[in-house]
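Comments concern the structure below.
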Amino acid sequence: MEYCDSVDRLNRILVRGHRIIQNELLKLGVDDLVPSHGAVLEHLQARGLPQPVTELVTALRRPKSSITKATDCLENGGYVFKKPNPGDGRSYLVGLTPAGVEVLELFRKAHAVLEKKLFGGISEDEVAACMQTLAEMEANLK
């Protein structure tokens with residue numbers, strides 16, 4: 001098979017996408033968070049209850065060290081709280097604070113700007129096919 005720059009292209013899209021989200025967050029007054037924190041906030045919001053870090057690691061498919069670093073940063077900013085896990089004394093639960101709920105809305109606005117740019121001029125059917133292909137590519141790498 002000939003060289004294909006698919007990984008480089010995906011990486012460029014990711015880097016540019018993160019830059020757009022970061023810039024949009026800055027415009028909205030959020031200067032202490034990075035784009036990857038949005039997924040943690042989204043997951044906590046979707047669950048509705050504080051979650052163990054291991055749940056975040058599994059659900060977001062990220063290394064424990066990345067999730068720990070993200071939750072530490074989010075806690076320092078007042079966006080999440082941590083409390084001992086009553087079911088496992090070796091771990092803790094992470095939950096959203098009211099400030100976390102508010103900043104999640106700003107993340108959503110930033111993501112909306114990105115998606116408008118990313119999918120501009122592309123039909124809904126093409127977007128759906130692209131998302132399906134990306135899911136299949138991700139599954140191939142498991």
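The values are calculated or read from the model by the stated rules, or taken from the named source; none is laboratory data. Only a predicted model underlies this, so the values are computations on that prediction, with no experimental measurement involved. Neighbour counts are summed over all protein chains in view; Cβ atoms, including those assigned to glycine, are modelled from backbone coordinates with ideal geometry. SASA here: full protein model, heavy atoms, side chains in, ligands and nucleic acids out. Shrake-Rupley method; radii C 1.70, N 1.55, O 1.52, S 1.80 Å.
Straight-distance candidates among the lysines for linking to Lys116, with alpha-carbon spacing under 26 Å and chain neighbours fewer than 8 residues away dropped: Lys27. Taking every DSSP helix (H) stretch of at least 4 residues in the chain, weighting each as -39,500 (n - 2.57) and dividing the sum by the residue count yields a mean residue ellipticity at 222 nm of -21500 deg cm²/dmol.
Using only Cα atoms and rounding to the nearest 10 degrees, what angle (0 to 90) does helix 37-47 make with the longest principal axis of the chain? Tilt of helix 37-47: around 70 degrees. Applying both filters, DSSP loop and at most 11 other Cβ atoms within 10 Å, to the GluC sites (Glu not before Pro) of the range 1-109 gives Glu2. Estimated at the nearest 10 Å², the accessible area of Met137 is 70 Å² with a 1.4 Å probe. Rounded to the nearest 10 degrees, the angle from helix 64-76 to the longest Cα principal axis of the chain is 60 degrees. Calculated from the structure at hand, semi-axes √(5λ) of the Cα gyration tensor in Å is found among (1) 35, 19, 17; (2) 20, 17, 14; (3) 30, 20, 14 as (3). Proximity of backbone amide H atoms, modeled 1.01 Å from N, is registered between Asn85 and Ser91, Tyr92, Leu93 at under 5 Å, excluding neighbours fewer than 5 places apart on the same chain. If you run the Gaussian network model on the chain, springs between alpha carbon atoms under 10 Å, then out of Ile122, Ile20, Ile67 the most flexible one is Ile122. Rank Leu28, Leu44, Leu114 by mean-square fluctuation in a GNM of the chain with C-alpha springs under 10 angstrom and give only the top-ranked residue. Result: Leu28 has the largest fluctuation of those listed.
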